[in-house]
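Written out below as structure tokens is the structure these notes cover.
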Amino acid sequence: AYRAGVRQLQGNLQRILARFREAGVPVFIGSQVSDDRDLRPFASPANAAAGGADAVYDSARAADARHDSVDAGRLYVRARDLDVVRFRAPSAFNDVIRSVAREEHATYVPVVEAFRAASPQGIVGHNLILEHVHPNQDGEALIARTFWQALDSAHFEGHAVQLDSMKPWADYVAGMDITPFDRLIVAHTVATLTSRWPFVPAAQATDYRGTYRPSGVVDSLAFLASAGLPWRQAKVAAGAYYEKTGFPDSALAEYRGLMRDVPIAAIPYELAGRALMQMKKPAEAIPLFRRAYGLQPTPFSAYTLGVDAAQRKDFQQAVMYLREAVSLDPTNPQPAYQLSLTYALMRDLQGAQAAAMRVYQLNPNYPGIQNWMRALGMGR
């Protein structure tokens, strides 16, 4: 069955890459990486048999303990390849990827080689992998960089690239906008997974989700997200909690993650703008409100941009935004009141009076409206 699986991978990959080659589509294909050092072979009687994966892994640990990195590295890979629970790609799979890439004139991307180069003694473990195969943040960044380097070496297949606009790589890693809240979600997800078979024998499996007790609101949200609560919903809820408890900077970090994930949605930009306003950073907030408004106007983004324009004495633009805010939220007297003030600054008495009357009709006790109407000669 194992050899049949290797042949199946080879045949499928050959057909896929041939189709791309025939269509003139360049292909970049990377090798498969896994945790070799910090994950024992999966729980199976066959792995525990004499000369099986468990015994080889124990030999690798012994070599590691005596600082024989060459022997340890070889034995860790051998233990993984012998693991009968094939949740990690064996070496033969990467051999197929390399050979088929060469045959079909695809570009091989040395992901596993890059991971080994970035790992202590050249042996990949939890430094870059969360559990068995999924990279952590550093691992994801390393995959991206390795593919970028392959594209660069291939001269981007003849496409024009403005390399002078490249930022330092650390800026791109920071731009992933991974927060402590995200890491909590990951921690709960990994703990849930690794408490079950095949990470432990079935008899030793535990119900992490059934027994864990969250330590607070943020931890509760992270725990719920790991159990199925949509990530975006959890991020918004965490951000709202941070704002409510006086940590708008932490809220902003959550909203930036949403901006990265759904750059064509207006709400993340507006939420980030609100957090920045709470942080007394209007110069940073206004561009985000403009982006939000451009994607989908809301009463709040229109109102905020209107107030900003009025403060800059761009009254025509202020009226445009404030009228939009009134239209989007016709029962709210606040934008109508600001609109009346703006018309007055423009010396448009009729417009100021009409907007003031709207405020009065919505709420005759709105703070300042009666004095303002008297100032406009409306006799209230």
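The values are calculated or read from the model by the stated rules, or taken from the named source; none is laboratory data. Note that the coordinates shown come from a computational prediction; the quantities given were computed from them, not determined experimentally. Don't worry about glycine lacking a Cβ; one is built from the backbone with ideal geometry, like all the others, and counts go over all protein chains shown.
Yes or no, residue by residue, for (1) in the same structural domain as Gly246 (by TED's automatic domain parsing); (2) part of a helix (DSSP H, G or I); (3) more than 20 Å from Asp348 (Cα to Cα); (4) of a type in the set (S, T, N, Q):
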site: Ala292; (1), (2), (3), (4): yes, yes, yes, no
site: Lys313; (1), (2), (3), (4): no, no, no, no
site: Ser327; (1), (2), (3), (4): no, yes, no, yes
site: Thr331; (1), (2), (3), (4): no, no, yes, yes
site: Gln334; (1), (2), (3), (4): no, yes, no, yes
Subset of the range 175-194, residues closer than 17 Å to Val133 by Cβ and either among the acidic types (Asp, Glu) or in contact with a Ser or Thr (Cβ under 6 Å, 6 or more places away or on another chain) (or both), comes to Thr189
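Does the range 139-148 contain any residue that is more than 19 Å from Ala114 (Cα to Cα) and either among the polar types (S, T, N, Q) or not in a loop (DSSP other than H, G, I, E, B) (or both)? I'd like the intermediate steps shown before the answer.
To start, the set of residues in the range 139-148 that are more than 19 Å from Ala114 (Cα to Cα) comprises none.
No: the range 139-148 contains no residue that is more than 19 Å from Ala114 (Cα to Cα) and either among the polar types (S, T, N, Q) or not in a loop (DSSP other than H, G, I, E, B) (or both).
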Those residues of the range 195-211 which are assigned to a helix (DSSP H, G or I) and buried (at least 16 other Cβ atoms within 10 Å of the Cβ) amount to Tyr208
Checked pairs for the range 236-250, first part of a helix (DSSP H, G or I) and among the polar types (S, T, N, Q), second loosely packed, with under 15 Cβ neighbours inside 10 Å and at pLDDT 95 or above, C-beta under 9 Å and 6 or more apart or across chains, list as Ser250/Pro180
Pairing a residue in the range 12-26 that is within 16 Å of Glu157 (Cα to Cα) with any residue that is of a type in the set (Phe, Trp, Tyr), where Cβ atoms lie under 9 Å and the two sit 6 or more apart in sequence or on different chains, gives Pro26/Phe20
Taking first residues from the range 137-161 that are surrounded by fewer than 17 Cβ atoms within 10 Å (Cβ to Cβ) and second residues anywhere that are modelled with pLDDT under 95 and in a helix (DSSP H, G or I), the pairs with Cβ under 7 Å that are 6 or more apart or on different chains are Arg145/Trp169
Worksheet item: Would the range 182-194 turn up any residue that is hydroxyl-bearing (Ser, Thr, Tyr), within 22 Å of Asp138 (Cα to Cα) and surrounded by fewer than 19 Cβ atoms within 10 Å (Cβ to Cβ)?
Response: yes
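Per-residue answers, yes or no, for (1) over 22 Å from Ala43 (Cα atoms); (2) of a type outside the set (Gly, Ala, Ser); (3) surrounded by 17 or more Cβ atoms within 10 Å (Cβ to Cβ):
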{"position": "Ala65", "(1), (2), (3)": "yes, no, no"}
{"position": "Val84", "(1), (2), (3)": "no, yes, no"}
{"position": "Ala89", "(1), (2), (3)": "no, no, yes"}
{"position": "Val112", "(1), (2), (3)": "yes, yes, yes"}
{"position": "Val124", "(1), (2), (3)": "no, yes, yes"}
{"position": "His132", "(1), (2), (3)": "no, yes, yes"}
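Is it the case that Lys280 is among the basic types (Lys, Arg), in the same structural domain as Tyr242 (by TED's automatic domain parsing), out of contact with any Asp or Glu (no Cβ under 7 Å at 6 or more places or on another chain) and not in a helix (DSSP H, G or I)?
On the way: among the basic types (Lys, Arg): yes; in the same structural domain as Tyr242 (by TED's automatic domain parsing): yes; out of contact with any Asp or Glu (no Cβ under 7 Å at 6 or more places or on another chain): yes; not in a helix (DSSP H, G or I): yes.
Yes: the conditions hold for Lys280.
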Here is a check on your reading of the model: is Pro287 in the same structural domain as Lys244 (by TED's automatic domain parsing), without any contact (Cβ under 8 Å) to a residue 24 or more places away in the chain, closer than 21 Å to Arg232 by Cα and surrounded by fewer than 23 Cβ atoms within 10 Å (Cβ to Cβ)? no
